[in-house]
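Structure, as structure tokens:
The values are calculated or read from the model by the stated rules, or taken from the named source; none is laboratory data. Source: prediction; values computed, not measured. No Cβ is skipped: glycine too gets one built from the backbone with ideal geometry, and neighbour counts run over all protein chains shown. Surface accessibility is based on the protein's heavy atoms, side chains included, excluding ligands, DNA and RNA. Shrake-Rupley method; radii C 1.70, N 1.55, O 1.52, S 1.80 Å.
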Amino acid sequence: MEDRYQELAKKWLDKTITRAEEEEFAAWYNADQNAPVFIPPAFAENEDELRKRILYKIRKKVNKDRRSVKIIPAWVFAAAALLLLAFGVIWYRIETSSPVKQQLLSKNNHKLKNDIGPGGNKAVLTLANGNKINLNDVKNGVLGNQGQSIIKKDSDGRVTYETTTGKHSDASMVFNTITIPNGGQYRLTLSDGSKVWLNAASSITFPVAFSKNERKVTVTGEAYFEVAKNKKWPFIVIAGKQTVQVLGTHFDVNAYADENTIKTTLVEGSVKVSVGTETAILKPEEQSVVSDRYTGKIAIQTVDTDDVLAWTTGNFQFERAEISSIMREAARWYDVEIKYDGEVPHRIFTGSISRNVNLSELLNMLKYTGINFKIEGNTIIVTS
């Protein structure tokens, strides 16, 4: 019957469930109200944390509604709370109803052989003269001078550029590059005070001191920006053939070469995205999607920015994600190679887990989808 209830749950979420099926689903749900709910440790440590996460989702939904609706009746709050709570309990019961699945999520489950630890702060700084500095090997403090800036590494392991003159020049600029390997991440503060978070397998090339006309950087992979506000000093990010122009805002750019799209997600403020002759202006909680990196049109969709930025707070967050996409992300963070035994399985997964766990814990969570994994050296073999 478990397969039947999973089928009904999918129809309920997709809003394709019939009246008779809805009654069947409700009868199953109401039949065991007093049974304890198993909470996956990957999602919440205890019931109190679960309640807080559900309440946060309710408040976020209500805040979104407030921007578009002037008056919200009281019954909307109650309905939203009941619906979200019911969905949470249904989800946990469906996903953990069998002893096998509960065992997969248990903190005491057996780790895979040859387990692999998570990534961490790793980066290489390439100076204008081509010299490379492994930022993990150098001590905190002043690293050197480049052009009009002093390079420092602070106690948090973040690299900061500070201008020595306080002025901006149109003379030939000096460029540096920070490259993040697989299994790495890093934070950077540019000379104008803008902050950058770099994800695994990413890079940023930037002038050590910006010109007086504009602030321009080039990125590969994924980077999250908190740009210092200055209406007279545009900040421009180049990612492949895409250009993002802002004045002062928070946004994420995902432009990995092994992904089929370039995604730009706006957290606050406003940005202009351009690809060729196509342009789009994003509003907060909107994401532009460019499916063809060179000539494609720009599609706009609404997203949960917390999900998009989960990596900056040390979490994986998957929302109806393809297994192949999840495995690419895992490959970058754990610095492993992914191989498939047969065809790439078509599975959709929703869930979250800390990026600080060993690879086996992530793979155990993904076994919900009916896929198995084994680790051979630095290679993950996926079998359906």
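Brief remarks follow.
- Top-ranked residue of segment 298-345 - restricted to ones that are of a type in the set (Asp, Glu) and part of a loop (DSSP other than H, G, I, E, B), ranked as surrounded by the fewest Cβ atoms within 10 Å (Cβ to Cβ): Glu343
- Scanning segment 7-48 for residues that are modelled with pLDDT of 60 or more, closer than 22 Å to Thr350 by Cβ and surrounded by fewer than 13 Cβ atoms within 10 Å (Cβ to Cβ) yields Asp14, Lys15, Thr16, Asn46, Glu47.
- Scanning segment 120-141 for residues that are closer than 30 Å to Leu366 by Cβ, open to solvent by less than 50 Å² (accessible area, probe 1.4 Å) and modelled with pLDDT under 95 yields one hit, Gly120.
- Once segment 177-198 is narrowed to residues that are open to solvent by 10 Å² or more (accessible area, probe 1.4 Å) and not in a strand (DSSP E or B), the residue that is nearest to Asn356 (Cα to Cα) is Asn182.
- Any hit, segment 360-376, residues being surrounded by fewer than 14 Cβ atoms within 10 Å (Cβ to Cβ) and in contact (Cβ under 8 Å) with a residue 40 or more places away in the chain: yes
- Subset of segment 201-224 [open to solvent by 10 Å² or more (accessible area, probe 1.4 Å) and either β-branched (Val, Ile, Thr) or under 12 Å from Thr179 (Cα atoms) (or both)]: Ala201, Ser203, Thr205, Thr218, Thr220, Glu222
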